[in-house]
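Everything on this sheet refers to the single structure shown next.
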Amino acid sequence: DTEVTQTPKHLVMGMTNKKSLKCEQHMGHRAMYWYKQKAKKPPELMFVYSYEKLSINESVPSRFSPECPNSSLLNLHLHALQPEDSALYLCASSQDLQDRGRKTQYFGPGTRLLVL
Amino acid sequence: GESVGLHLPTLSVQEGDNSIINCAYSNSASDYFIWYKQESGKGPQFIIDIRSNMDKRQGQRVTVLLNKTVKHLSLQIAATQPGDSAVYFCAENIPPRSGNTPLVFGKGTRLSVIA
């Protein structure tokens, strides 16, 4: 099973709203990722968690707040977003960050976010 | 900084023909590469990978070729089908000087299959 699930599939929110994106995997992976993807662009790395600890933050604005409650779950809390934050948000997981093949990432279907 | 790049951003292929999608990488230390397929409205899907100690790896209808001399990676799709229409990304692993780093993604090539 190489499935990563994400909810919701679609989300529309106003600039004053607070919402959360959820990601789950049951592959026993210990690295989880959040990416932002704009149309016709490659995924842009936002955050990486390794063994439930934040390992990489790619200078993401504080209006995006990640959380890793346990090894299977990854959340992205959204607050006071801007219209330019509208994008496809992808979650991925990999065995870990230790070595080559173990870094192979498996992606979820994404959450399509629209900020009005 | 060094990054993975692509020669062709778009590729149109007749159904039944073979497709070749290219990727140039600039870091000679990269030791592992993956091809992903992303269909419209979906997340990237793993297709095939290759380690730097190999030149060629075959899967079902797909072959990845690695030319370390010119730092070039290609994905060959045999008998291209309409379902192959998607954006294809290459990703590389650059061994870090310290710490652990995730894969680095290239810019992507859109493959359009003409029926």
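The values are calculated or read from the model by the stated rules, or taken from the named source; none is laboratory data. Predicted, not measured: the structure shown is a model, and the values here were computed from it. Don't worry about glycine lacking a Cβ; one is built from the backbone with ideal geometry, like all the others, and counts go over all protein chains shown. Heavy atoms of the whole protein, side chains included, go into the accessibility calculation; ligands, DNA and RNA do not. Shrake-Rupley method; radii C 1.70, N 1.55, O 1.52, S 1.80 Å.
What the table shows:
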| item | result |
| --- | --- |
| B:Asn18-B:Asn67 pseudo-label distance in nm [points 7 Å out on the Cα-to-Cβ vector] | 1.4 |
| Accessible area in square angstrom per residue, region A:1-50, 1.4 angstrom probe | 55 |
| Rounded percent of accessible protein surface that carbon and sulfur make up, region A:1-68, 1.4 Å probe | 48 |
| Compactness of region A:1-76 as Cα Rg over 2.2 N^0.38 Å, two decimals | 1.12 |
| Region B:34-97 - accessible surface per residue (Å², probe 1.4 Å) | 49 |
| Cα-based Lys proximity count in chain A, under 15 Å, for pairs eight or more positions apart or on separate chains | 4 |
| Cα coordinate range in chain B, projected on the principal axes (Å, largest first) | 48, 29, 22 |
| Rg(Cα) / (2.2 N^0.38 Å) computed for the protein assembly as shown, rounded to two decimals | 1.02 |
| In Hz, Karplus ³J(HN,Hα) per residue of region A:22-32 (6.51, -1.76, 1.60; θ = phi - 60°; x = Gly, Pro) | 10, 9, 9, 9, 10, 9, x, 6, 10, 10, 9 |
| Euclidean distance between Cα centres, region A:50-116 to region A:1-26, Å | 10 |
| Buried solvent-accessible surface, both chains (B, A), 1.4 Å probe, Å² to nearest 100 | 1800 |
| Semi-axis lengths (Å, descending) of the ellipsoid that matches the C-alpha gyration tensor of region A:62-114 | 25, 13, 9 |
| In Hz, Karplus ³J(HN,Hα) per residue of region B:66-75 (6.51, -1.76, 1.60; θ = phi - 60°; x = Gly, Pro) | 10, 10, 6, 4, 10, 6, 9, 10, 9, 10 |
| Between region B:49-72 and region B:74-115, the Cα center-to-center distance that results, in Å | 12 |
| DSSP-loop chymotrypsin sites (Phe, Trp or Tyr not before Pro) across region B:29-107, with at most 10 other Cβ within 10 angstrom | none |
| In sequence order, calculated HN-Hα J values of region B:35-49 (Karplus, 6.51, -1.76, 1.60; Hz; x Gly/Pro) | 10, 10, 10, 10, 7, 4, x, 10, x, x, 10, 4, 10, 7, 10 |
